[in-house]
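One structure is given here, and the rest of the page talks about it.
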Amino acid sequence: MDRVVKLASQKAVVIFSTSSCCMSHAIKILFQDQGVSPAVHELDKDSRGSEMEKALRRLGCNPTVPAVFIGGKFVGSTNVVMTLHLNGSLKVMLKDAGALWL
């Protein structure tokens, strides 16, 4: 749990993902298209990935990937992030976290 919390707070936007997850890929592209360069942690390529996945579940991430953190706080998975994007709230959150300057 400590590792996930520490990693989630090291950059304005952090995504926990797996390299084969199409929804994770879509979320990464969404942030890149917004001009944000998120820190991405691929759980399937990390030796402690299964531990981190369990910690994400305990934090309420269901499904566990993609798990998006903005400003060190858990935002949600694909449905939540896409809803925030569509209603304009995501851009505000990104600005508040210092991930966007526009």
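Observations, loosely collected:
- Residue check, Val4 assigned to a helix (DSSP H, G or I), open to solvent by less than 10 Å² (accessible area, probe 1.4 Å), of a type in the set (A, V, I, L, M, F, W, C) and without any contact (Cβ under 8 Å) to a residue 60 or more places away in the chain: yes
- Against the conditions (1) basic (Lys, Arg); (2) surrounded by fewer than 19 Cβ atoms within 10 Å (Cβ to Cβ); (3) touching a residue at least 24 places away in the same chain (Cβ under 8 Å), Lys11 satisfies every one except (2).
- Within the stretch 26-39, the residues that satisfy the criterion of being crowded, with 16+ Cβ neighbours inside 10 Å and not in a helix (DSSP H, G or I) are Gln34, Val36, Pro38.
- Of all residues in the stretch 8-50, those satisfying the criterion of being among the β-branched types (Val, Ile, Thr) and within 11 Å of the chain's Cα centre (by Cα) are Val13, Val14, Ile15, Ile27, Val40.
- Consider the stretch 7-25 and keep the residues that are hydroxyl-bearing (Ser, Thr, Tyr) and assigned to a loop (DSSP other than H, G, I, E, B). The one that is farthest from Lys73 (Cα to Cα) is Ser20.
- Selection status of Gly60, modelled with pLDDT of 95 or more and on the phi > 0 side of the Ramachandran plot: no
- Considering residues of the stretch 40-83 that are open to solvent by less than 40 Å² (accessible area, probe 1.4 Å) and of a type in the set (Ser, Thr, Tyr) only, the residue nearest to Lys6 (Cα to Cα): Thr64
- Evaluating Leu102 against the criteria (1) in contact with a Gly (Cβ under 9 Å, 6 or more places away or on another chain); (2) modelled with pLDDT of 95 or more; (3) part of a loop (DSSP other than H, G, I, E, B) leaves one unmet condition, (2).
The values are calculated or read from the model by the stated rules, or taken from the named source; none is laboratory data. Treat the numbers as computed from the prediction; the structure is a model and nothing was measured. All Cβ positions, glycine included, derive from the backbone under ideal geometry; neighbour counts span all protein chains shown. Accessible surface areas use protein heavy atoms only, side chains included; no ligands, DNA or RNA. Shrake-Rupley method; radii C 1.70, N 1.55, O 1.52, S 1.80 Å.
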